[in-house]
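Inspection log for the structure reproduced underneath, given as structure tokens.
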Amino acid sequence: MTKRSLSVLTVLFIMLCAQYGFAQSNELLDALLGEERATLGNATYLVFLAAGVAVDDWSVDKVVEELRSRDWGYEKADAQTEVDLGSLSFLIMKTFDMKGGIMYSLFPGRRYAAREFEYLGFVPGFAGPGRILTGQEVTHILGRALDYLGEREVTR
């Protein structure tokens, strides 16, 4: 892990803990960082927590239920589903109401969300939308997206 990746993870962790407390978010971050193949439940929990959609005492199942309730194409989402780059990119773009380039604007979805994240430099390594991510990659990509968004107001 590079120094930049480690610093992004540290900033993300401190930001989450300062805003929501240490209990469950600490356990979640530890679990996610240990995943060789990140799961949708843990990744969504972290994204929703960072956006203020979820609160620290929500369960992973409640977070996935919230994800299913949104009209984003995750109606059949399962907490244990492996997260690919396209799904994570699209989830972050929808959660933070990020605008994309022309292709994403015309065809909003996982493929062009992944391409947008590649263009913005959020993705370490190969940026194919179907690439399964590790927990460390999820936190890295989310950290880069949060850094990019800065203090921007989030639409929930």
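Summary table
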quantity	calculated
Residue pairs meeting the criteria (Cβ under 7 Å; at least 6 apart or on separate chains; first free of Cβ contacts under 8 Å to residues at least 12 places away in the same chain, in region 113-131; second in a loop (DSSP other than H, G, I, E, B) and hydroxyl-bearing (S, T, Y))	none
Residues being in a helix (DSSP H, G or I) and in contact (Cβ under 8 Å) with a residue 12 or more places away in the chain - total across region 67-92	9
Filter pass, E151 being at pLDDT below 95, acidic (D, E), surrounded by fewer than 16 Cβ atoms within 10 Å (Cβ to Cβ) and out of contact with any helix residue (DSSP H, G or I) (no Cβ under 9 Å at 6 or more places or on another chain)	yes
Residues that are surrounded by 17 or more Cβ atoms within 10 Å (Cβ to Cβ) and aliphatic (A, V, I, L, M), drawn from region 105-115	A113, A114
V138 of a type in the set (V, I, T) and not in a loop (DSSP other than H, G, I, E, B)	yes
Test: residue in region 123-134 that is aromatic (F, W, Y) and closer than 16 Å to A51 by Cβ	no
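Results for (1) surrounded by fewer than 22 Cβ atoms within 10 Å (Cβ to Cβ); (2) in a loop (DSSP other than H, G, I, E, B); (3) acidic (D, E), shown as yes or no for each residue.
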| site | (1), (2), (3) |
| --- | --- |
| L32 | no, no, no |
| G41 | no, no, no |
| V47 | no, no, no |
| A50 | no, no, no |
| D57 | yes, yes, yes |
| K62 | yes, no, no |
| K94 | yes, no, no |
| M103 | yes, no, no |
| F117 | no, no, no |
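The values are calculated or read from the model by the stated rules, or taken from the named source; none is laboratory data. All of these numbers come straight from a predicted model, not from anything done at the bench. Cβ sites come from the backbone with ideal geometry, for glycine too, and all protein chains shown count toward neighbours.
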